[in-house]
Each structure stands twice: as structure tokens, then as C-alpha cells.
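What follows draws every value from the coordinates through simple rules; no lab data is involved. No experiment lies behind these values; they were computed from the predicted model shown. All Cβ positions, glycine included, derive from the backbone under ideal geometry; neighbour counts span all protein chains shown.
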Amino acid sequence: MKDHMKQAAKAMTGRPVGNITPIGNNGYGKDEAGQIFQYRSQEQLEAIEKERNKKKDLRHFSFSHMMNIREVTDNLTNKQCGYILMLQPYLQFKTNVLILMNADESPMTEKELAIALKVTPKTIKKVVENLITDDVLSIDKSGYYRMNERYHFRKKVKEDESMLIKTFFTTLKQLKLKPAELGVLYKLLPYVHYETNMICANPFEEVPADIRFLTTKQIAEVIGMHEKKAIEVLRELKKSGAIAETTKFVEDARVKYITLNPFIFYRQSGKPDTSLAAMFLSRPNK
């Protein structure tokens, strides 16, 4: 009697009672209390885990804090901001030390920083000085260059994930742009909308009708340029594949909106949806 009561109590928990006996080859079995369960073999579990790992995003990237980097974009020139973007692929995971992309992950010297940024030894001294002054870089006790985690980092995210945007290293390094042009991209990062990847004044807005996308004139103000010069730079960014333009007619006037390439900069997890991906991957019909 007691055994039956124990089995009844276990059954109420939803867990199997005793051993499970397979019912045919359909992945279902019956426990000793007569309950039906779906089960998987060890081989099936391993296959599922293998498939799950395939779908994981294995691209290397760094996180940028969208709100905090406004402190940087407001104080530094476009070229200086471009240098910060160029240094992202050299961030060491967890430590944020700038390292060489070799097996030893050797900390970078000033000379190696100059090579990475394609500048002269004289220029790199000034660049490092400016970035240290603005608290983007520091030199630790070991003499290593370390980037401030308040702005950029590489490690698992524990909080404020909605405030972060990823920069993917491989696609970033493929861009054929000058440092000042890369700096324009950097200055646009605080304005990237979560769902659309478009540049807007309120990137955390969830209601589509309330999103205030920035026009070319407004973007010129953000990046500190005259509108005519900003249009020239945006044209170069478009040619490089870093951005795409969307034209909308508003009261008989053409208004252009800018979308950042989600394969370079992206706020969401995983890959972009089909419509956003097609904007950058599709080819014209010839």
C-alpha cells in the first residue's frame, strides 16, 4: 500500500516513476505508473547539441555602450573616433588589453599600434595621448594598453544588454574607408534603432509610429559637418557597403534615411531578418 502511495506522489510531481519502457520506436515510453513520456537517447541529445552549436554566432565582435560613447563622440574628432573603431579587433577577451592577432596574443607596443592604425610613429604618440586624455585608453601597471570598458568591451554580458551594439571584426576590417569616414560610422552608433538598424533620434523606441528617423541634414549635425560635406561622406559609406539609403516622399519632397549594415553593426542577437539582410546582400537585376 505504501509503495502505491509513493508512486502516486511521484506521479503528481510530473516526473517518471521507476524505469521508462519504450513504446515502439517513436520516442515515447511508459513508466512504472503507466504515465507516457517522450524521451531521447544519448545519441539524439548529442546530435541536438551539435546542431545547436552550429547555429551559434561564432563571429568575433566587441560591445559598445550606446549611451556612454556619447561622451567620446562629443569630445573627439571624426578621425580620432575612427581610430577607436579600428582598434576594436585588437581587444583581448575579458581583459580589454590591446593585443596582436597571433597565437600568443602579445600585448601591442606603441609601434604595433601605429602599424594597426597605419600612422607614423609621431602621429601614434598624439593619438594615444588624446585617447588617454579622454579616458578611452589607459596604460596599466604592466605597461599594456587597455581600453576603457565603460565604452567598449569583449566579455559575456550580464546587464544593460539593450544598451549595447556589436561591432563585427571581419566585416569591419573589409571596409575600404579612411579613419575620418570610419569615425562618422562610430558617431552614428548611439543612434541605431534596435529593430530596424536605421539611424534615429530615439533608438530605444518600440512603437513604429513614434520612431523619429534622422534626415541627412540632422545626421550632418550629429557628425559635426556641413550638410554638403556630410552627403559626400555618406556617399562613400554607401559605396563601401557600410550603410544603405531609403528614400521616402514627404509632402512632395524626397527624404533619405540611413540604415547601418547589420553584418558590421547590430544590436540584436543572431542574424538580421530577411528584409534587412537583403538590403545589403541582394544584387541588382541585370
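Within the straight-line cut-off of under 19 Å between alpha carbons, the aspartates and glutamates reachable from residue 158 are 57, 149, sequence neighbours fewer than 8 places apart in one chain being disregarded.
With axes computed from alpha carbons, what is the tilt in degrees of helix 78-87 against the longest principal axis of the chain, rounded to the nearest 10 within 0 to 90? The angle comes out near 40 degrees.
Short-range pairs are left out: with C-alpha atoms under 8 Å and at least six residues apart, the relative contact order of the chain is 17 percent. The angle separating the long axis of helix 42-55 from the principal Cα axis of greatest extent in the chain is about 20 degrees. Peptides 227-234, 20-27, 59-66, ordered by how many other C-beta atoms sit within 10 Å of their residues on average, highest first, read 59-66, 227-234, 20-27.
Which of the residue pairs 156/187; 122/256; 30/271 have a Cα-Cα distance greater than 32 Å in the structure shown? Long pairs (Cα-Cα over 32 Å): 122/256; 30/271. Packing around the peptides 165-174, 238-247, taken as the average count of other Cβ atoms within 10 Å per residue, puts them in this order, highest first: 165-174, 238-247. Helix content alone sets the calculated 222 nm mean residue ellipticity of the chain: runs of n ≥ 4 DSSP H residues at -39500 (n - 2.57) each, divided across all residues, give -10500 deg cm²/dmol.
Percent of alpha carbon pairs in region 61-281 separated by more than 33 Å? Roughly 15 percent, once rounded to a whole number.
Students often get this wrong, so check it: of 79/126; 155/238; 79/176, which have C-alpha atoms separated by over 19 Å?
155/238
May I ask for the distance between the Cα centers of region 92-115 and region 172-240, given as a whole number of Å? Using only Cα atoms to place each centre, the spacing works out to 29 Å. When the chain is treated as a Gaussian network with alpha carbon springs shorter than 10 Å, the biggest mean-square fluctuation among 257, 266, 186 belongs to 257.
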